[in-house]
Structures are given as C-alpha cells and as structure tokens.
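Below is one structure, written out as structure tokens; comments come after it.
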Amino acid sequence: DAVRYEFYRDRDVAFEGFTGRNYLYREEFTARIWNTRYDFPAIKDGRVKQELLPDDTPSGAQGWFLNTRRAQFKDPRVREAMIQAFDFEWTNKTIMYGAYARTVSPFQNSDLMAEGPPPAEELKLLEPFRGQVPDEVFGAPFLPPVTDGSGQDRTLLRKASQLLQDAGCVIKDGKRRLPNGDAFRVEFLLEEPAFQAHHAPYIKNLGVLGIDASLRLVDPVQFRARVDDFDFDVAIQRFSMSSTPGDAMRTFFSSQVADVKGSQNLSGIKNPAIDAMIERIIAADNRDELRIACRAFDRVFRAGRYWVPQWYSASHRIAYWDVFAHPPNIPRYATGVGAPDLWWFDEAKAKKPEPSKPEPSKSGQAK
C-alpha cells in the first residue's frame, strides 16, 4: 500500500518518536541508546522486537578526515601524530559500551582489504611507484595503534610528540607551533550532537601535545555547505564502499576531483599512485584482478595517513513494532537488512490486541 519515511533532526528525539509508535521500524546507530534506553514498556511486553542481524557488506571508511589543503596537515608525520593521539580502546569501552571494532581500511569487512606483505601480483602494480610512495607500501599495511585503554596512553603521546617535532612543529611558550611559527590550531567540524562525547577525550589528548583543538557544532545545512567548500580542518564522514568498487572511487580519492567543490575527496588527496590504482580497479576484468587492485590501492591510501580511522560494526541493530516479518535468512549482500524490500506487513501480528493495563484501585494505586 504505502511506505512512509519520517526524518528527525535529532537522534534522541527520533528515539522518542519510535517509543511513541510514530514510526514502526528503526535501525539503531547509537550504542548508548541501544544499551541504556531499550527498556520501555513496549519492549517488556513484547510489542517491540529487537534483533542483531549480520552485516556482510563492506563497512566502508568512517573517520575524521584531515584536510590536507590546510597548512597544518601538509606533512604526513603530522597526520600520523593525529592518529596516535586518538584512544579508540578507551572511547569504545567508556562511551560506546564495547560495541565496535576499529576501522583500519576503506574496504573494512571485505576481502578487498590488504593484509600482510604484498604478494607478487600486487607488487607488480606497486613497483613503478617505488621511491614515490613510502617504503611501508611494500611491506605490511599501516594499522592504527592499539592503546592501553587509559584514555591517555603516554607511550603513544610521546610518539605523536616526536612525529610533530620531526615535522618542525615545536613547542614554544607551552604551545605547539607550525614550522612558520603560527600556533597549531585544529577545529573539528560537526553536525551531529551525539558525537560530541567522542571528541572530548580526543581534544584533551591533542591539548597534551600543545595543539589548540576545538569543536564547532553547526546545523546540517551549514555543515554541508562548509564541507562542499572544503572550509574545515577535520570533519567526520562515512563512505560506504561497494562490494564491487568502480569509477565511484574517483569521486572519493582521485586527484581530478581534489579541487572540485562538492566532491567527496575531503582530504584533498593528490597522489599519482592512488590515481593509478583507481584506474586499475576500474579496468579490472574479473574478481581476482579487482581484489589485487583494491588491495594495492589500500596499501597506498593507508600509507598516506589521510584520516583518523574510527570504528565499525559487522551487524545491524534493528528494532521494530511487531507488525512485520522477514525471511529467516537475509541475503548476504542485501542493502541494510533487506528492509523494506524483503520484509512484509504481517496482518495477524498487527491484529493482536495490546496488553490490557491494570485498573487503578480506589486509592489510585494499580491493582
């Protein structure tokens, strides 16, 4: 008959709308809400169902993208220092209820990720760029550090400080300075209030390094306008990669769109090796060639330190009012969990009477 989508500007307001049955199906993206707020009456009496369904599609690239068009992020050593300063283990444990795993690759949760030293097939693609890309491209791919979970891993912060020092960003009068003498400032641009808690400990660690870091929360329209104009230092984004990547890769990572307003190349990547790997991905004639080209691309991209990888979940947190049904086995590559394409309205469930409420006694207390 009809499927209606309702949009909310705020996640917490949207959740309240769901509990009030203003809409009937919800995918929960906030671990805090999933772990603390799904205890309302309709959950307890079975009118709302919760399911954790596997996600076999690539999880994509979610993270803080560093705008290399800005002076403070020109040097890859500075960008790596930004990675070293983020304590994922503490954030996951303390803020996200341990619900996530660390993202390391734009092809996360797929067979397109690079692992270990490159085999001969990948080396064949990479060898023409030896000397133009970091030597690590020809070894195991870069992995973000695993912290001690304290929220302020001193070993990693010392490493970050040394990287900044090596890049010419010295401490002067208690503040980190860029090579030109200007103060090292970083502004995180954000449109989603739910992410504020994730920024606070990260900004604190950057302060320990002498970096003047701040957070600016704007409305979605302003966020989109500023990102389209590349008017930001650091911005969160998630790029969902296809199971079979193609020419869309140019939109996210190629030199030809790095200066095109509104492109998805947020970091401003201009790397001939990345451009060449993208063309090999597009030209692949079969799955094996595609896999080899994607893994070679992955090595070069990760060596560039263009982002601070965040996290992913290989499952979908689903809640719905009990008027739907779905196949017991969702197709492996179904979009999301196959809703609404593969789900259906179950009339028998919808006709079930709601639980009766206890009648109040004369004293006003429930019987």
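No lab work stands behind these numbers, since they all come straight from the coordinates. Note that this is a predicted model, so its numbers are computed, not measured. With ideal geometry, Cβ positions are generated from the backbone for all residues, glycine too; neighbour counts draw on all protein chains shown.
General remarks:
- Its convex hull of Cα atoms gives the chain a direction-averaged projected area, equal to a quarter of the hull surface, of 23.8 nm².
- The calculated FRET efficiency for the pair A140 and R9, based on their C-beta separation and a Förster distance of 41 Å, comes to about 0.40.
- Estimated FRET transfer efficiency when R0 is 51 angstrom, pair Q50-N180 (beta carbons, to 0.05): 0.40
- Peptides 345-355, 133-143 ordered by average Cβ neighbours within 10 Å, highest first: 133-143, 345-355
- For the pair K349 and V260, label points projected 7 Å from Cα toward Cβ lie 4.3 nm apart.
- Here is the size of segment 126-240 from its Cα atoms: Rg then Dmax, 17.1, 46 Å.
- Looking at the chain alone, DSSP beta bridges between its own residues are antiparallel in about 75 percent of cases.
- Within straight-line cross-link reach of K261, aspartates and glutamates at Cα separation under 12 Å, skipping those fewer than 8 residues along the same chain: D228, D229, D231
- Comparing Cα centroids, segment 1-62 and segment 323-343 end up 16 angstrom apart.
- Spacing of the two label points (7 Å from each Cα toward its C-beta) at R280 and N329, in nm: 3.6 nm
- Between the alpha-carbon centres of segment 172-211 and segment 237-299 there is a gap of 30 Å.
- On Cα atoms only, tilt of 287-303 relative to the major axis of the chain in degrees: 70 degrees
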